[in-house]
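In what follows, a structure is listed as structure tokens, so that the remarks can point back to it.
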Amino acid sequence: MMWYHLLHILLYAEPSLQHPSHIPLIENHALEIGCIMLSDLPNSVRSFSSQAIFYAAKHITGISRKIRLWNMLDDIETRLGFRTRDQVKKLKELVETNI
């Protein structure tokens, strides 16, 4: 299901927002990705989830939600060794430019 939600985010919002009316849909799909990642997933699934988390964090509203997703990316790097530091850095830069 995570890939279903990621696909919708990519279709509606990448490389640019298709229409402002899609913002609530994008937010919902980003929240769903976050909820899926909070569940008890095997490490093999977590290792392939960094792109979904990245786009969810990019499009979710609220700094606390963004930080929670950034922490998930950090956890993937810490526990599994998959490099996510660059993704977190890019997300933080996006937030700083929007403030």
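The numbers here are math on the coordinates, done by the rules we state, and not lab data. Every value quoted in this text rests on a predicted model; they were computed, and no experiment measured them. Quick reminder, even Gly has a Cβ in these numbers, built from the backbone with ideal geometry, and neighbours come from all protein chains shown.
Table for the structure above
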read-out	value
Over the chain, relative contact order from alpha-carbon pairs under 8 Å, at least 6 apart, %	24 percent
Dipole magnitude of the chain, debye to nearest 20 (Cβ charges: Lys/Arg +1, Asp/Glu -1, about Cα centre)	180 debye
Rounded FRET efficiency, nearest 0.05, which uses the C-beta distance separating N71 from S39 and R0 of 22 Å	0.90
Taking F82, F54 and counting other C-beta atoms within 10 Å, the order from fewest to most	F82, F54
Length released on extending from L17 to N98, taking residue separation times 0.36 nm less the Cα-Cα span	27.6 nm
Using alpha-carbon coordinates, inclination of helix 2-13 to the longest axis of the chain, degrees	30 degrees
Helix 63-80 vs. the chain, principal-axis angle (Cα, 0 to 90°, nearest 10)	30 degrees
S64/L25 FRET efficiency (R0 35 Å; Cβ-Cβ; nearest 0.05)	0.95
